[in-house]
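Novice: One structure, pasted below without further comment.
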Amino acid sequence: SIISICATKFSPIFYSLPSLPTILSDLTTNLERIPDFRVRYWLKKAWPLLYSCAPSSHFSLLLPSLTLIVEQSRHRLESVWAQVSTIDYDSEPTEDELFLEHMTCVLSRELIGFLKAVFVVEEKHTTSNTGNAAATSVRLSPLGCFVYDQGGALLSSFVSLTFSALAWRDTQSCVRAIPVAKAIVDKLSSSFVEDAAVFALVNVLQSIRIHGSDEVAIGPLLAIIFHTYAALRPHSTALLNVLMELPDTPPATIEAFDKRAISISRGLEDMPEKARKEMVKKLLRPIISVTLGELGRRPVELRPLPPIEKRAKLAPEADYEAVADFFGH
């Protein structure tokens with residue numbers, strides 16, 4: 001924490017120190033032995049300031065320690081989520097299991113916050129469609145672009161962590177990871193890597209299968225799925241092959257969706273955001289998890305009822321002489 005404060009207050013001096021590589025290396029020594037609650041604090045308070053304040057001329061000095069942090073965090077999260085998946089919720093979980101689940105969710109959220117603070121920049125602006133409301137756009141930060149251009153283990157761990165977080169069984173982690181995933185997809189659309197694109201699409205589809213029953217997550221997930229497919233599909237047919245693997249979905253329906261997505265991506269067709277989400281929801285209905293209310297709902301069948309007979313209209317009478325009989329005349 002003290003070193004991070006020095007980096008923010010005395011940035012030109014701190015990042016020009018000859019011993020900077022040694023300082024950064026010492027911060028990550030024996031990182032795998034640090035308990036989760038301590039790593040969580042560093043992810044939230046210390047490391048984001050240290051790496052987000054660095055000038056672009058010193059990015060190369062940050063890569064070794066940053067690579068170690070991201071890679072070690074990926075291995076740590078993969079391990080703890082594997083342990084959480086073994087918890088039997090049919091019986092009452094123990095206190096240790098509940099603590100493990102809670103600590104895993106908290107650590108996951110802080111890690112996504114760290115990735116967002118270091119690798120992503122958010123910009124708020126007004127458009128003619130939103131009026132006075134501020135729309136938010138995301139893109140990779142200068143450090144994020146530098147990491148993307150350098151490639152290697154850091155980029156692989158960064159992309160893997162971001163899209164794997166969409167499928168973690170924690171809705172808040174999933175929703176927080178969506179802006180980071182969108183920034184990566186935008187970068188992939190300009191610097192295309194087929195394996196990364198396929199990995200991204202597979203994981204966003206997996207996320208809707210897990211979190212589709214959550215009313216908070218379903219909207220952003222439908223948006224990121226369409227954005228991922230529309231932005232990356234024109235570069236490769238491999239993404240269409242992924243959609244062809246959807247269960248209980250006719251190929252003609254997938255091909256129709258594919259044509260419209262490409263048309264929208266190329267600006268040949270304009271479609272509101274709500275209509276795009278509905279189009280994706282209709283396509284992915286077989287894999288979207290149902291809500292608890294729908295899970296226990298019994299099918300309702302309406303019995304066919306006989307048609308209601310219409311009464312015939314009375315014919316008007318021309319002779320009213322019989323009316324007098326009612327009055328005894």
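The values are calculated or read from the model by the stated rules, or taken from the named source; none is laboratory data. As the structure is a computational prediction, the values presented were derived from the model and not from experiment. Positions of Cβ are backbone-derived with ideal geometry, glycine not excepted, and every protein chain shown enters the neighbour counts.
Novice: Kindly provide the set of residues from region 1-21 that are outside any helix (DSSP H, G or I) and over 15 Å from Leu62 (Cα atoms), ordered by number.
Specialist: Of everything in region 1-21, those that are outside any helix (DSSP H, G or I) and over 15 Å from Leu62 (Cα atoms) turn out to be Ser1, Phe10.
Rundown of residues vs (1) under 21 Å from Glu32 (Cβ atoms); (2) outside the structural domain of Gly219 (by TED's automatic domain parsing); (3) buried (at least 19 other Cβ atoms within 10 Å of the Cβ); (4) aromatic (Phe, Trp, Tyr), yes/no style:
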residue: Trp81; (1), (2), (3), (4): yes, yes, yes, yes
residue: Ala117; (1), (2), (3), (4): no, yes, no, no
residue: Glu122; (1), (2), (3), (4): no, yes, no, no
residue: Arg169; (1), (2), (3), (4): no, yes, no, no
residue: Val185; (1), (2), (3), (4): no, yes, yes, no
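Novice: Looking at region 45-71, which of its residues are part of a loop (DSSP other than H, G, I, E, B) and buried (at least 20 other Cβ atoms within 10 Å of the Cβ)?
Specialist: Ala54
Novice: Still on this structure: Give region 231-281 a look and list any residue that's part of a loop (DSSP other than H, G, I, E, B) and either of a type in the set (A, V, I, L, M) or over 27 Å from Ser191 (Cβ atoms) (or both), or say none.
Specialist: Residues satisfying the conditions are Met244, Leu246, Pro247, Asp248, Thr249, Pro250, Leu268, Met271, Pro272.
Novice: Restricting attention to region 12-32, report how many residues are over 34 Å from the mean Cα position of the chain (by Cα) and either under 11 Å from Leu50 (Cα atoms) or in contact (Cβ under 8 Å) with a residue 60 or more places away in the chain (or both).
Specialist: Residues flagged as over 34 Å from the mean Cα position of the chain (by Cα) and either under 11 Å from Leu50 (Cα atoms) or in contact (Cβ under 8 Å) with a residue 60 or more places away in the chain (or both) within region 12-32 amount to 2.
Novice: On the given criteria, is Arg74 at pLDDT 90 or above and either at positive phi or part of a helix (DSSP H, G or I) (or both)?
Specialist: Yes: the conditions hold for Arg74.
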